[in-house]
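One structure is given here, and the rest of the page talks about it.
Every number here is computed from the coordinates shown, using simple stated rules; none is lab data. Predicted model, so just to flag it, every value in this text is computed and none were measured. Here the Cβ is made from the backbone with ideal geometry for all residues, glycine too, and neighbour counts use every protein chain on show.
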Amino acid sequence: MSLVDASMLTAAIFFAVYGLACSVECGVALSFLTGGQNQTRKYFTPLWEVTNVFLVFGFTTVAMLFNNALNFLSRALLSTLVVGLFALLARACVVLVLFYWRPDRLPRWGASLFALTCFSIPLSFSAAGVYLLTAEPFWSSLVGFMIMLSVILGIVAIGKLFLDGQSDSKRKWSGLVLYCAWLMVLGSFLPLAIIYSGIGLQKWPIVVLDLLSIVGLFMASLVISGKTNFKLKYYASFVGLAAPLLLAMANRPYLVHAKIKLVDAFGAASYAGAFLVGTAIIFPLVILGLGLFIKLIKTPG
């Protein structure tokens, strides 16, 4: 693997981890809308905001390592990213209300606004990712539409699975159905759309994505039949992390499909090695911090 590929994957990893955190947060937003705040308040605390560092790391990696493409990306993606940036600002205001002004119960208008911003942020950034893969808006191509459909289903499915894990209710079929629908789109309809469109993405990452979906559906069948008590939220999280990385690999050698190659966008040959080494040191420390955070919220108190 070249230095350029490693740089691309580093940015993709940061965005994928942030996307997973957004999916869990959408589950929190759903709990607020359905009146289940007590299920999620234990771990949705101000410490949760540490997950935003992954978004910062992702944009920093792109800006520093692929700076030759910044002019093109800013013109092509500004209108899409502005939606996510305004949603981030609105979310920050709602979170202040949630954490500091009304810690007992989020008002109905706040719950609705929080849910809207929680979904708008990952959808905005996903739309930008679709542009990198197809070089056109997601609504202009079958592949883009299928990717966005899988993103929507994945966000809701992962969020609902995590929400079900915090609930004492035995009726958890909605999360399971969403999970299966997501994997069906991700492993069947999306590959078929890629083949039909002839977009020219590399085949092996799509095959791996298909296999991951098949394994996930098989595991769901075992859960439904009662043969295992495996928590599907963990496998769903794994697929949610793997899917963006596989799609980024499928887009090689392009940063923007058929328009800008990675090697042409890469403008950090002199310091990319040092940047990636620093990232390799910082990333485990952030993960360790998140691990301590998870241990903290699981400690009775």
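Things worth noting here:
- Of the peptides 266-278, 8-20, the order by per-residue mean of other Cβ atoms within 10 Å, starting with the highest, comes out as 8-20, 266-278.
- Rounded to whole Å, sorted largest first: equivalent-ellipsoid semi-axes of region 238-291, Cα gyration tensor: 25, 19, 6
- Filtered trypsin sites (Lys or Arg not before Pro), region 173-249: DSSP coil and at most 14 other beta carbons within 10 Å: Lys227, Lys231
- Taking the C-alpha atoms only, the angle from helix 108-134 to the longest principal axis of the chain is near 20 degrees.
- Estimated translational diffusion coefficient (Stokes-Einstein, Kirkwood radius over Cα pairs, 10 °C, 1.306 mPa s) of region 203-294: 96 µm² per second.
- Angle between the chain longest axis and helix 52-65 axis [Cα atoms, degrees, rounded to 10]: 0 degrees
- For region 3-298, the tally of Lys pairs with Cα-Cα distances below 19 Å comes to 19, considering only residues 8 or more apart or on different chains.
- Pair-distance profile P(r), taking every C-alpha pair of region 117-257, with 5 angstrom steps and integer %: 2, 10, 19, 23, 19, 12, 8, 5, 2, 0
- Tilt relative to the chain, helix 203-225 - C-alpha long axis, 0 to 90 degrees, to 10: 20 degrees
- Coarse-grained scattering of region 3-298 at q = 0.13, 0.14 Å⁻¹, given as base-10 log I(q)/I(0) from a Debye sum over alpha-carbon atoms: -0.96, -1.11
- Loop chymotrypsin sites (Phe, Trp or Tyr not before Pro), region 211-246 (other Cβ atoms within 10 Å of the site Cβ: 14 or fewer; DSSP): Phe230
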